[in-house]
Amino acid sequence: METAAANLSRGGGEDKPIGLVRVNAPPSLSQHFLVSRLAKLCRQHPGLDVDLATDFRSVSLERHEADIALRFGRPQDGDVIARRLLPIGLGFYANAEWRRRAQAGAEPVFVGFDEVNAHLPEARWLSKHFPRCRISFRTDSQSAQAVAARAGAGIALLSLANRKTASSHAILSVNR
């Protein structure tokens, strides 16, 4: 991010980055990883303004809907520069009761994404590996999934970007 900011100099004296940078990223990645880092970047570069949109919607960089888009998958549109920043693992998270049930071999009940977000990598992974599973609680937010799992609604499959939210409730990690 700092390298990107350094390259955004738009007429600021001494090549300091100034102006607006529009960033789009999934909510969990934004809330648990980006917000603090982007805030620090703004503090370090007082002329830099950040507009962070936190949604799953695929934005078009070609149509200038964002300057930077972070995604869990490869971009589908146009002639853009894309590179993998880091691998994101997945982990199953649950409260103590569901951890005991899982260890005893009980049929898992999951907390997951709603139908609108069934295309997301975590939702696709869960439906591929547990095609007949019951999903007792559906939502459009991984943060809400973590809260629901902690409250006992079932087992949530969360990205490790969300580990702060659910770290004490981990069952196991999943490599994609």
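Residue under question is GLU65, and the condition is that it be surrounded by 14 or more Cβ atoms within 10 Å (Cβ to Cβ), among the acidic types (Asp, Glu), within 26 Å of ALA123 (Cβ to Cβ) and in contact (Cβ under 8 Å) with a residue 40 or more places away in the chain; does it hold? So that I can check it myself, show each step before the final result.
Details: surrounded by 14 or more Cβ atoms within 10 Å (Cβ to Cβ): yes; among the acidic types (Asp, Glu): yes; within 26 Å of ALA123 (Cβ to Cβ): yes; in contact (Cβ under 8 Å) with a residue 40 or more places away in the chain: yes.
Yes: the conditions hold for GLU65.
Quick check on this structure: which one of ARG99, ARG71 is closer than 18 Å to GLY154 by Cα and either of a type in the set (Val, Ile, Thr) or surrounded by 13 or more Cβ atoms within 10 Å (Cβ to Cβ) (or both)? First the steps, then the outcome.
Numbers: ARG71 fails: closer than 18 Å to GLY154 by Cα.
Answer to the selection: ARG99.
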- [ ] Filter segment 23-62 for residues that are among the small types (Gly, Ala, Ser) and over 22 Å from LEU158 (Cβ atoms) and give the result.
- [x] ALA39, GLY47, SER60
Open item on the list: Yes or no: segment 32-45 includes at least one residue that is open to solvent by less than 50 Å² (accessible area, probe 1.4 Å), in contact (Cβ under 8 Å) with a residue 12 or more places away in the chain, closer than 19 Å to GLN145 by Cα and of a type in the set (A, V, I, L, M, F, W, C).
Closed with: no
Open item on the list: When the residues of segment 102-156 are narrowed to those that are closer than 18 Å to PHE72 by Cβ and among the β-branched types (Val, Ile, Thr), which ends up least open to solvent (accessible area, probe 1.4 Å)?
Closed with: THR139
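The values are calculated or read from the model by the stated rules, or taken from the named source; none is laboratory data. Predicted, not measured: the structure shown is a model, and the values here were computed from it. Cβ sites come from the backbone with ideal geometry, for glycine too, and all protein chains shown count toward neighbours. For the accessible areas, the whole protein counts, side chains as well, though only heavy atoms, and no ligand, DNA or RNA atoms are used. Shrake-Rupley method; radii C 1.70, N 1.55, O 1.52, S 1.80 Å.
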